[in-house]
Amino acid sequence: MSDLTCIIIGGGYAGLGALYQLQSATREMENGRRIRFVLVDKQPGHLRKLRLFRPTTVEEEIVIPWSDLNIGGFEFVQGTVTSVESEKKRVQYSDVQGNDACIRYDLLVVTVGSMVRRPDHDQGGIALTDPETVAAIREGWQDNLRKAAEETNPVAQKRLMTVAVAGAGISGIETSAELALSMRKEATALGVNASDISVYLLNAKERLLPEVSEKFRRKLCHEIAECGVSVLNNCKALREEGGVVTLNNGASLEVGLLIWMFGLDPNPGLRNMGLPLTLDGHVLVDESYRVSGAPGVYSNGDCAKIIDSKTGKSEQKTCFEAGIQAIRLGKIVKADLEGRPAPIHKASKSNFDAYTIGLGQKGVVWLRKWGLDVVITGKIPGRIKKMIEDKASYLR
Ligand SMILES: Cc1cc2nc3c(=O)[nH]c(=O)nc-3n(C[C@H](O)[C@H](O)[C@H](O)COP(=O)(O)OP(=O)(O)OC[C@H]3O[C@@H](n4cnc5c(N)ncnc54)[C@H](O)[C@@H]3O)c2cc1C
């Protein structure tokens, strides 16, 4: 039987997981088919999105060359996929020189992920979207602290030493903690009073992470406060202009920097790719991640709308979910190729809840299962978080 070509579009966590699991699952197939794997990504390496906030405080390389990952046996093509022609079974892309090109596939996995939601142009501030904006955030607060060290007006100095993070999901929490710890350290090094640093975490909801247990929230709030972050609940930033953040409760905050972190939208590039989409722009898939009306095409991770048919619940957009889906996808594709019934989706956290939140070198881990509500704080959660991040990125 002839070889098949499997293209994976997007080498984020879902794409790398799919590549690894498909390779493992199809290594020894009953009908002896061999598969050639091609990874197409617009970037020259794997972007470690889980660590996207890290370079807001220290210079850290978060784009890893494909050859440095612990996955081999694939060809890499750098290009931005523009469309999928499912009748002709080919993918159109624009290469690094901007030329149009195409590749034929037998199997295709679409894992083009999501994009951090951006504020409107007139809302000011800066959104933590990619390595470039992350570097701009780092330079922004460092520059402000240098100016604060020279500033003689106490009000102006205080403003330069204040940052607000709008959006209190896990990444907002981690970013604000990282910033507070680093800004205090830098202030001390510059001879400025570190206790004048203010980092506000603006939470639109009544309490942090409403879905977690009270015990976990209490410990988390304590740890965040220890890092030097002040959480403002029921508080939404509306816009920032000239260093003044207008809040939804009529009050305002004077800041040196406002960072927006308010969630993820499906990749906007999907709109023109020719794949069937849900109203909110996710790829439409069945319960085995097959793209409707496109034979041989699968999709998972942040870009797909994956629903547990038993509970009707949508999968969350996290790296954990992407990893569990990838394991199932390997089995699904193998079953489809061998003409057997394929597994179907089941919520990745169907019988437990868990969070791992990094706070500088430390962190908080929460697990709720079988009526137990376990919370661990300190350095071990920080190490667990780092281990999860390294494993999800297939680092050597
Ligand atoms: C700041 C931040 C912090 C986060 N923190 C956590 C956390 O602590 N824990 C957690 O579990 N989750 C976290 N998440 C969510 C997590 O990052 C996502 O769920 C995860 O990245 C989804 O993986 P993915 O592969 O589906 O998408 P992505 O990671 O977005 O990968 C998509 C890939 O597709 C490529 N691509 C996109 N368009 C094209 C195209 N047209 N052609 C070719 N290639 C393309 C991109 O370059 C990228 O490599 C965080 C997200 C952000 C933004």
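Quick note: the coordinates plus some simple rules give every number you see, no bench work behind them. No experiment lies behind these values; they were computed from the predicted model shown. Because the Cβ atoms are built from the backbone with ideal geometry, glycine has one as well, and the counts that use them run over all protein chains shown.
Modelled label-to-label distance, Glu132 and Asp390, 7 Å Cα→beta-carbon offset: nm?
Going by the 7 Å Cα→Cβ label model, 3.2 nm.
How much net charge surrounds Arg207 when only the other residues with a Cβ under 14 Å from the Cβ of Arg207 are counted, with Lys and Arg +1 and Asp and Glu -1? Write down the numbers at each step before the final one.
On the way: positive: Lys205, Lys215, Arg217, Arg218, Lys219; negative: Glu206, Glu211, Glu214.
Here the charged neighbours net out to +2.
Quick one: length gained pulling Ala225 to Glu338 fully straight, 0.36 nm per residue minus the C-alpha distance?
Numbers: separation 113, 0.36 × 113 = 40.68 nm, distance 5.50 nm.
Gain on stretching Ala225 to Glu338: 35.2 nm.
Within a Cβ distance under 13 Å of Lys346, other residues only, what is the Lys/Arg minus Asp/Glu net charge?
+1
Between Lys215 and Ser24, what is the label-to-label distance in nm when each label sits 7 Å out along the Cα-to-Cβ direction?
If labels sit at Lys215 and Ser24, their model points lie 3.2 nm apart.
Could you give the alpha-carbon Rg of the chain over 2.2 N^0.38 Å, rounded to two decimals? Provide the component values of the computation, followed by the final result.
Details: Rg = 22.7 Å, N = 396, 2.2 N^0.38 = 21.4 Å.
This ratio for the chain stands at 1.06.
Counting other Cβ atoms within 10 Å of each Cβ, which trypsin sites (Lys or Arg not before Pro) in region 259-366 have at most 13 and sit in a DSSP loop?
Working: sites: Arg271, Arg290, Lys305, Lys310, Lys313, Lys317, Arg328, Lys331, Lys334, Lys346, Lys349, Lys362; in loops: Lys310, Lys313, Lys317, Lys346, Lys349.
Listed in order of number, the matching sites are Lys310, Lys313.
Take every DSSP beta bridge whose two residues both sit in the chain, then give the antiparallel share in percent to the nearest 5. Numbers along the way, then the final one.
On the way: 43 of 77 bridges.
The antiparallel proportion sits near 55 percent.
What nm value, rounded to one decimal, do you get for the distance between Ser83 and Trp370 when each label is placed 7 Å out toward the C-beta?
5.5 nm
Work out from phi, with θ = phi - 60° and the Karplus expression 6.51 cos²θ - 1.76 cosθ + 1.60, the ³J(HN,Hα) of each residue of region 265-272, listed in order in whole Hz, and give x for Gly and Pro.
Karplus-based 3J(HN,Hα) across region 265-272 equals 10, x, 3, x, x, 5, 4, 10 Hz.
Pulled fully out, how much extra length does the chain show between Asp265 and Asp286, if you take 0.36 nm times their separation in residues and subtract their Cα-Cα distance?
On the way: separation 21, 0.36 × 21 = 7.56 nm, distance 2.04 nm.
Result for the pair: 5.5 nm of gain on full extension.
Expressed as an acute angle from 0 to 90° and rounded to the nearest 10, what is the orientation of the C-alpha long axis of helix 379-392 relative to the principal long axis of the chain?
With rounding to tens, the tilt is 30 degrees.
Test of understanding: what is the full-extension gain from Val96 to Asn272, defined as 0.36 nm times their sequence separation minus their Cα-Cα distance? Display every interim value, and only then the final one.
Working: separation 176, 0.36 × 176 = 63.36 nm, distance 1.94 nm.
Full extension from Val96 to Asn272 adds 61.4 nm.
Which entries of Lys236/Lys349; Lys205/Lys346; Lys334/Lys391; Lys310/Lys349 show an alpha-carbon separation above 19 angstrom in the structure shown? Kindly include the intermediate steps, with their values, before the conclusion.
Numbers: Lys236/Lys349 30 Å; Lys205/Lys346 29 Å; Lys334/Lys391 24 Å; Lys310/Lys349 13 Å.
Checking Cα-Cα distances, Lys236/Lys349; Lys205/Lys346; Lys334/Lys391 exceed 19 Å.
Just from its helices, what would the mean residue ellipticity at 222 nm be for the chain, if runs of 4 or more DSSP H residues each count -39500 (n - 2.57) and the sum is divided by every residue, rounded to the nearest 500 deg cm²/dmol? Walk me through the intermediate numbers first.
On the way: 7 runs with 108 residues, N = 396.
About -9000 deg cm²/dmol.
Explain nothing, just compute: Karplus ³J(HN,Hα) = 6.51 cos²θ - 1.76 cosθ + 1.60, θ = phi - 60°, for every residue of region 280-291 in order, whole Hz, x for Gly and Pro.
Karplus-based 3J(HN,Hα) across region 280-291 equals 8, x, 8, 6, 7, 10, 8, 6, 10, 6, 7, 6 Hz.
Show me, for region 318-325, the HN-Hα J-couplings you get by feeding each phi into the Karplus relation (A = 6.51, B = -1.76, C = 1.60, θ = phi - 60°), rounded to Hz, glycine and proline as x.
Along region 318-325, the couplings run 9, 5, 4, 4, 4, x, 5, 4 Hz.
Just to verify a number: FRET efficiency for Glu150 and Asn234, C-beta to C-beta distance, R0 = 35 Å, to 0.05?
Working: r = 37 Å, r/R0 = 1.05.
Working from the Cβ atoms, E equals 0.45.
Can you tell me the equivalent ellipsoid semi-axes for region 121-262? Use √(5λ) from the Cα gyration tensor, largest first, whole Å.
Working: eigenvalues 111, 62, 41 Å².
Semi-axes (√(5λ), whole Å): 24, 18, 14.
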